[in-house]
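Okay, so here's the structure we're looking at.
The values are calculated or read from the model by the stated rules, or taken from the named source; none is laboratory data. Because the structure is predicted, anything quoted here is derived from the model rather than measured. Ideal geometry is used to build each Cβ from the backbone, glycine not excepted, and the neighbour counts take in all protein chains shown. To get the accessible areas, we keep the full protein, side chains included, count just its heavy atoms, and leave off ligands, DNA and RNA. Shrake-Rupley method; radii C 1.70, N 1.55, O 1.52, S 1.80 Å.
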Amino acid sequence: VQLQASGGGLVQAGGSLRLSCEASGRILTIDNMNWYRQAPGKQRELVAGITNSGSVNYADSVKGRFTISRDNAKNTVYLQMNRLKPEDTAAYYCNAFINFHMYWGQGTQVTVSS
């Protein structure tokens, strides 16, 4: 089982990006799927999470700007990021509970210029 994240890049403040993370391999069940981020010199923090029934939660810093969603048929979780700010600059990681084990994807870099 592996998670493959994509969609990062360089964007100006106020712009948008959409991150994707697809799970592949022998998958029986996927429970919570989450996005974390880690900026240089800072701890990794939870950005948003979604359960397999669609319940969502967000960090206060991204509420109203970011939207997490998932396509269970594609084993994919998305993070739509709007009105990006320079402080959103970080490596973004997806994380999921698959077959009752936690897996991490590789990071995808998001850089927001002022």
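Which members of the stretch 47-62 meet the condition of being within 14 Å of Phe97 (Cβ to Cβ) and touching a strand residue (DSSP E or B) at 6+ places or on another chain (Cβ under 7 Å)? If the condition is that a residue be within 14 Å of Phe97 (Cβ to Cβ) and touching a strand residue (DSSP E or B) at 6+ places or on another chain (Cβ under 7 Å), then Gly49, Ile50, Thr51, Asn52 are the ones that fit. Tally up the residues in the stretch 72-87 that are open to solvent by 50 Å² or more (accessible area, probe 1.4 Å) and either among the small types (Gly, Ala, Ser) or under 17 Å from Gln4 (Cα atoms) (or both), please. Residues flagged as open to solvent by 50 Å² or more (accessible area, probe 1.4 Å) and either among the small types (Gly, Ala, Ser) or under 17 Å from Gln4 (Cα atoms) (or both) within the stretch 72-87 amount to 4.
Is it the case that some residue within the stretch 24-42 is open to solvent by 40 Å² or more (accessible area, probe 1.4 Å), assigned to a helix (DSSP H, G or I) and at pLDDT 95 or above? No, the stretch 24-42 contains no residue that is open to solvent by 40 Å² or more (accessible area, probe 1.4 Å), assigned to a helix (DSSP H, G or I) and at pLDDT 95 or above. Whenever a residue of the stretch 44-61 is open to solvent by less than 70 Å² (accessible area, probe 1.4 Å), its partners that are of a type in the set (D, E, K, R) and assigned to a strand (DSSP E or B), lying with C-beta atoms within less than 6 angstrom and at least six residues away or across chains, give the pairs Val47/Arg37; Ile50/Arg70. Take the conditions more than 11 Å from the chain's Cα centre (by Cα), open to solvent by less than 20 Å² (accessible area, probe 1.4 Å) and either in contact (Cβ under 8 Å) with a residue 12 or more places away in the chain or within 16 Å of Asn34 (Cβ to Cβ) (or both) and apply them to Ala90. Does it pass? Criteria met by Ala90.
Yes/no matrix, rows are residues, columns are (1) touching a strand residue (DSSP E or B) at 6+ places or on another chain (Cβ under 8 Å); (2) under 20 Å from Ser6 (Cβ atoms); (3) in a loop (DSSP other than H, G, I, E, B):
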| residue | (1), (2), (3) |
| --- | --- |
| Gly64 | no, no, yes |
| Ala96 | yes, yes, no |
| Met102 | yes, no, no |
| Gln106 | yes, yes, yes |
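Restricting the stretch 96-111 to residues that are β-branched (Val, Ile, Thr) and crowded, with 20+ Cβ neighbours inside 10 Å leaves a set whose member that is farthest from the chain's Cα centre (by Cα) is Ile98. Only residues that are outside any strand (DSSP E or B) and either closer than 26 Å to Gln12 by Cα or under 11 Å from the mean Cα position of the chain (by Cα) (or both) were counted across the stretch 66-87, and they come to 6. Restricted to the stretch 4-16, and to residues there that are among the aliphatic types (A, V, I, L, M) and open to solvent by 30 Å² or more (accessible area, probe 1.4 Å), the residue that is nearest to Val62 (Cα to Cα) is Ala13.
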